[in-house]
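Throughout, read-outs are computed from the coordinates displayed, never taken from laboratory work. Predicted model, so just to flag it, every value in this text is computed and none were measured. We place every Cβ from the backbone using ideal geometry, glycine too, and count neighbours over all the protein chains shown.
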Amino acid sequence: MQDGYAGDLRPAEAWELLKENPKAVLVDVRTLPEWNFVGLPRLDSLSKETICVSWQSFPDMGMNAAFVEEVAARGVGKDQPVLLICRSGARSRSAAMALTAAGFGPCYNVAEGFEGDRDGDLHRGSVGGWKVAGLPWAQG
């Protein structure tokens, strides 16, 4: 265990775990505007769906005190591998630690997130991340 959770996975590693383990789930912890306007990971070819539960509330970005309960309410069991993704891997890392502390897991952070790091022009979506890895996604 690394820093209170099972560790970081690059997007391609996350996809492989989701593909190989039928119990593994992906929880996208971004906000509603991000899901609607930036896009969502698509797991249709794995006969799974991305579970969306915000770690922080938009627009004030305050912590979602009900995060753990909302994840459980979406049907995630404590004995399932849980992969957490956000924009760049920061919020999802915190969420992985919180779920692990609540007895879920193993919980993994999808390092690089959905959009990856900023490039030289301070834009996301071209350096690392789920989208750049060529993994399935759709824009709302």
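Condition check for P22 on (1) in contact (Cβ under 8 Å) with a residue 12 or more places away in the chain; (2) within 24 Å of G134 (Cβ to Cβ); (3) surrounded by fewer than 21 Cβ atoms within 10 Å (Cβ to Cβ): one failure, at (1). For region 62-104, the tally of residues that are in a helix (DSSP H, G or I) and either of a type in the set (G, A, S) or at positive phi (or both) stands at 9. With respect to the conditions (1) crowded, with 17+ Cβ neighbours inside 10 Å; (2) touching a helix residue (DSSP H, G or I) at 6+ places or on another chain (Cβ under 7 Å); (3) among the small types (G, A, S), A102 lacks only one, and its number is (1).
Return the total of residues in region 31-54 being part of a loop (DSSP other than H, G, I, E, B) and either more than 14 Å from G113 (Cβ to Cβ) or touching a residue at least 40 places away in the same chain (Cβ under 8 Å) (or both). Counting residues in region 31-54 that are part of a loop (DSSP other than H, G, I, E, B) and either more than 14 Å from G113 (Cβ to Cβ) or touching a residue at least 40 places away in the same chain (Cβ under 8 Å) (or both) gives 9.
Within region 77-99, how many residues turn out to be among the aliphatic types (A, V, I, L, M) and surrounded by fewer than 19 Cβ atoms within 10 Å (Cβ to Cβ)?
Restricting attention to region 77-99, the residues satisfying the condition of being among the aliphatic types (A, V, I, L, M) are 82-85, 90, 95-99.
Okay, now just the ones that are also surrounded by fewer than 19 Cβ atoms within 10 Å (Cβ to Cβ), so 90, 97.
Summing the residues that are among the aliphatic types (A, V, I, L, M) and surrounded by fewer than 19 Cβ atoms within 10 Å (Cβ to Cβ) in region 77-99 gives 2.
Only one of the numbered conditions (1) over 18 Å from A6 (Cα atoms); (2) among the charged types (D, E, K, R); (3) buried (at least 16 other Cβ atoms within 10 Å of the Cβ) is violated by R118, and that is (3).
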